[in-house]
Amino acid sequence: MATAVRPVRIVVAKVGLDGHDRGVKVVARALRDAGYEVIYTGLRQTPEMVVDAALQEDAQVIGLSIHSGAHMTLFPAVVEELKRRKATDIIVFGGGIIPDDDIAALKKNGVEEIFTPGTPLQEIVDWLRQRFPESATK
Amino acid sequence: MKVRARDPKQAWQEEFESSPVREDGIETSTISGIPLEPLYTSADLPRRAEEYPGQFPYTRGIHPSGYRGRLWTMRQFSGFATAEETNRRYKYLLANGQTGLSVAFDMPTLMGQDSDAPTSRGEVGHCGVAIDSLADMETLFEGIPLGDITTSMTINSPAAILLCMYIAVAEEQGVPASKLGGTLQNDILKEFIAQKEFIFPPAPSMRLVVDSIEYCAREVPKWNTISISGYHIREAGSTAAQELAFTLADGMAYVDACLERGMHIDDFASRLSFFFDAHIDFFEEIAKFRAARRIWARWMRERYGAQQERSWKLRFHTQTAGVSLTAQQPELNIARTAVEALAAVLGGTQSLHTNAMDEVLALPTDKAARLALRTQQLLAYETGVASTIDPLGGSYLVEALTDEMERQAEAYFKRIEEIGGVIPAIEVGFFQKEIADAAFRYQQELEQKRRIVVGVNDFTVEDEQAIEILRIDPRLESEQAERISEVRRKRDQARCSNALNRLRKAAAGTDNLMPYILDAVRAYATEGEIMHTMVEVFGTYTETAVV
Amino acid sequence: MRALARAITLVERRDPSIRDLEEAVRNDTRSDTNPVGVTGFTGAPGTGKSTLVDAVVTLLRTREQSVAVLATDPNSPFTGGAILGDRIRMQRHALDPKVFIRSMGARGHLGGLSLASREAIRLLGAFGFDQVVVETVGVGQSELEVAAVADTTVVVLTPNLGDSVQMIKAGILEIADVFVVNKADIDGHGRVVAELRTMLNMAPKASWKPPIIPTVATRQEGVEQLWEAILAHRSHLERTGKAKELSERRLRDETVEVAAELARERTRRALREDPALTERLLKEGTPYRTAEEILRTRTDN
């Protein structure tokens, strides 16, 4: 039997106390429209919760949205937790209020990509498509 | 040549239709989707009796003298890192002409957590000032006479606690509560709808709000007990019409709750205040503000039977739209903010906050914060717009738009009523869905270039110059943790525990909680301890997420 | 846990190695006399289903039972994507190692439950969970799908959706083994219960009369009675021999479904890879003849 094409699964979450979810919801919809299965885990997630969800859901990607300024603590915490759970094959990307200097530091520390305010949604989708070509959908 | 007498309107119509039309981005509708016609004429003026400022329904303003009597308050929202640093920034802004204080708290404080709680890791002092106990509040207002200024505090779920801290600091300064003036945001409904900084479930949250309104009506009569907010709803992606409708609906829900408590409408209505966004779609915003006054006045007088004029007058604070700021070519944000501030002023706002240009990236630097304030001063003193009351009154466009806003708001009120009211609507995700849909639509308009944002989807530059931004010292978190430990060490532990126990008992009953919270605050219980005590009784709330 | 998650993915991808897995599962699993209990929850959006499932999980955990939850949401038929948001209602159980939550897209399966869910349920049982809960949104025919995989189907209703019980879709009343009327604290609750009872009384007599359980899921009220009702239904199935009957029927049905899916795949592939065939089909307009030819002559390699 032919192997069914399996959509790429992305866990999308807000870590930390910040509740501004406009961006993450808009991105979730755009990813769905691009053919991805998006598991939205909501607000106030801890790094442990996000990684645990990604493992249960067998997701390939974790997307985080942070507007509170706590990104330099929270992104690395998620990367650490992935290491601890031996799941470093799951890639991490994110968005929010993140200054350019911090982006460089985050990328050195295991975050694959950061999308700053004003990034067209298509850019995020293109990046995912290029990262996961075998799952090319419409 | 034969000269025909032509109907001038028809003539214009024909000439317009045969003229070439610009191809690049004409906004043919407002962000709310209301069509923007090429021309409005007297035929578009709504048929109504001439309106005057200071007269019901206050479309043209709540004061007969407008800004001639008193300028809007220049109230810049501010706060970061420690109470000490924020205290310095306040003194700096007051010295530079700011006329009222506005406190921004950090995420842990907004969420009722102490700075040393595990969930506060990485979050202390980043988006506002960290306040853990009365000790921090004392530092925050050190050297600032609370009897002489007004202060706005932007906090919601723990609002009652912060208000009690303010009252306690004033007490220490020898200022009685009855003299205190200011505003508490305290608008929990919009948290459930948009900003999501809720802790307790809706029912106990509403109880706390009503407790604070009831308490202030007696003890702190000059205090604006609530700032019913549309800003956050708008920033979450709603249209202007939705912002207007949802905010006023929330207002009515609070009025209903207070009436249910047994208060009389005229005892509290005049201390309800509002908070709107000033977005970049210029004329729509002005119409929104005017419609807000008209609608609220009607509802207060006709539906709720308020007798006193001051109960009918909608007063509001405005903040320019954070969501309109761009990270690209950020200096342009100064211009955006100026246009938005102008809309707020032409709409008759009572007080105004203008964003700093660097706020997409971080909290503002001193320089950017000062420029934002100067923008308001420019409007007030150089442009002449404050010299005439409601200068756009009578404009065909603005009057037509004001009416349209009113119509759309009323249509939403009906829908909310059909669902059973604001809280049932929140629980089925009605507002959240409207907002998420509008946000997504807007994003698509941007991506398809049907709407332009300069520097983002058009007129971009390749080489963005980095600008200097504010950094929060990471040592702050451990320093703040030490401060809390010190407070806990030095306080009278028995007095503190007793106060918290009494609060817990009262929370399980029906007493007004304000006096109990005040006692706990005076005993130097931390914010986290007070919130935790109430969580033990009220529980916490998980939202129905609507994407 | 990751092994389980990955196994479910293999099932979703219908990876050939799933055949070996099936073997291992058969050999390793508990005996057929004590298969894992599967309870299905279905109902319209807005009924508080996820909150109810969360409450049931909480109850089961207080009784030291391990639970796996399969929550399905529809995939977009156009893009294939989906937003799966049911986990949010179960935050309480995040990081509890004895609770496993998996969101599944319906993957174009018209009914709302993908073919993979059945195999996934078997896997969950094999991995040792005491209880499996399947949750679907009540759209299309998905309620019928749930009934096909669950031992006990719970249909969730609420008073404030504006519809009276009369308007509930045909088929729902027939498949429900237990009715829950959630949000029992709201006006109109009594009316829904009364209407339901009337309708049930009018239905032809059967050996099992579905109980109607009022709940307030957000306050964990009525959940114990609900679980009692579910257990009562299960023992009814055991006692009357229906359990065996259902389990056999399910295996047969599933085989039919798998065959149908295989045939679909084979046909799509043939049309994709054989231009001559497609040309003939388009010229002559004979889907039946073409289909029969494909099934007769093409194989799967």
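The values are calculated or read from the model by the stated rules, or taken from the named source; none is laboratory data. Since we're looking at a predicted model, the values are computed, not measured. Here Cβ is always computed from backbone atoms with ideal geometry, including for glycine, and neighbour counts include all displayed protein chains.
Within region C:43-75, which residues are under 15 Å from the mean Cα position of the chain (by Cα) and either part of a helix (DSSP H, G or I) or at positive phi (or both)?
C:Gly43, C:Lys49, C:Ser50, C:Val53
Being modelled with pLDDT under 85, within 17 Å of C:Glu261 (Cβ to Cβ) and at the interface with chain A (Cβ under 10 Å from one of its Cβ atoms): is that true of C:Gly111 here?
no
Residue by residue through region B:121-166, note down the ones that are within 19 Å of B:Phe198 (Cα to Cα) and without any contact (Cβ under 8 Å) to a residue 40 or more places away in the chain.
The one that is within 19 Å of B:Phe198 (Cα to Cα) and without any contact (Cβ under 8 Å) to a residue 40 or more places away in the chain: B:Glu123.
Of the residues that make up region B:168-188, is at least one among the hydroxyl-bearing types (Ser, Thr, Tyr) and not in a helix (DSSP H, G or I)?
yes
State whether one or more residues within region B:212-221 are part of a helix (DSSP H, G or I) and in contact with a His (Cβ under 6 Å, 6 or more places away or on another chain).
Scanning region B:212-221, I find no residue that is part of a helix (DSSP H, G or I) and in contact with a His (Cβ under 6 Å, 6 or more places away or on another chain), so the answer is no.
Checking C:Val258 against (1) exposed (fewer than 15 other Cβ atoms within 10 Å of the Cβ); (2) part of a helix (DSSP H, G or I); (3) within 14 Å of another protein chain (Cβ to nearest Cβ), which test does it fail?
(1)
Restricting attention to region B:285-306, does a residue exist that is under 26 Å from B:Leu101 (Cα atoms), out of contact with any Cys (no Cβ under 8 Å at 6 or more places or on another chain), of a type in the set (Asp, Glu) and touching a residue at least 40 places away in the same chain (Cβ under 8 Å)?
Yes, that holds for at least one residue.
List the helices (runs of 4 or more DSSP H) that sit entirely inside region B:392-465 and contain at least 3 residues that are away from chain A (no Cβ under 14 Å).
Result: B:396-419, B:422-427.
Residues that are away from chain B (no Cβ under 14 Å) and free of Cβ contacts under 8 Å to residues at least 60 places away in the same chain: find the strands (runs of 3 or more DSSP E) completely inside region A:1-118 holding 3 or more of those.
It comes to A:91-96.
Check whether at least one residue in region B:250-260 is crowded, with 24+ Cβ neighbours inside 10 Å and under 24 Å from B:Ala438 (Cα atoms), and report yes or no.
Yes, there is a match, as at least one residue in region B:250-260 is crowded, with 24+ Cβ neighbours inside 10 Å and under 24 Å from B:Ala438 (Cα atoms).
Matching residues to (1) in contact (Cβ under 8 Å) with a residue 60 or more places away in the chain; (2) charged (D, E, K, R):
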site: B:Ile452; (1), (2): yes, no
site: B:Glu462; (1), (2): no, yes
site: B:Glu479; (1), (2): yes, yes
site: B:Arg491; (1), (2): no, yes
site: B:Leu503; (1), (2): no, no
site: B:Thr533; (1), (2): no, no
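Does at least one position in region C:114-124 carry a residue that is away from every other protein chain (no Cβ under 12 Å) and among the small types (Gly, Ala, Ser)?
yes
Need the failing condition index for B:Ile469 against (1) among the β-branched types (Val, Ile, Thr); (2) over 30 Å from B:Thr337 (Cβ atoms); (3) out of contact with any helix residue (DSSP H, G or I) (no Cβ under 6 Å at 6 or more places or on another chain), just the number.
Checking B:Ile469 against (1) among the β-branched types (Val, Ile, Thr); (2) over 30 Å from B:Thr337 (Cβ atoms); (3) out of contact with any helix residue (DSSP H, G or I) (no Cβ under 6 Å at 6 or more places or on another chain), the one that fails is (2).
Looking at region B:326-342, which of the residues that are buried (at least 24 other Cβ atoms within 10 Å of the Cβ) and of a type outside the set (S, T, N, Q) is nearest to the other protein chains (Cβ to nearest Cβ)?
Step by step, filter region B:326-342, then rank; the result is B:Glu340.
Within region B:112-122, does at least one residue satisfy the condition of being at the interface with another protein chain (Cβ under 10 Å from one of its Cβ atoms), within 16 Å of B:Pro158 (Cα to Cα) and not small (Gly, Ala, Ser)?
The answer is yes; a qualifying residue exists.
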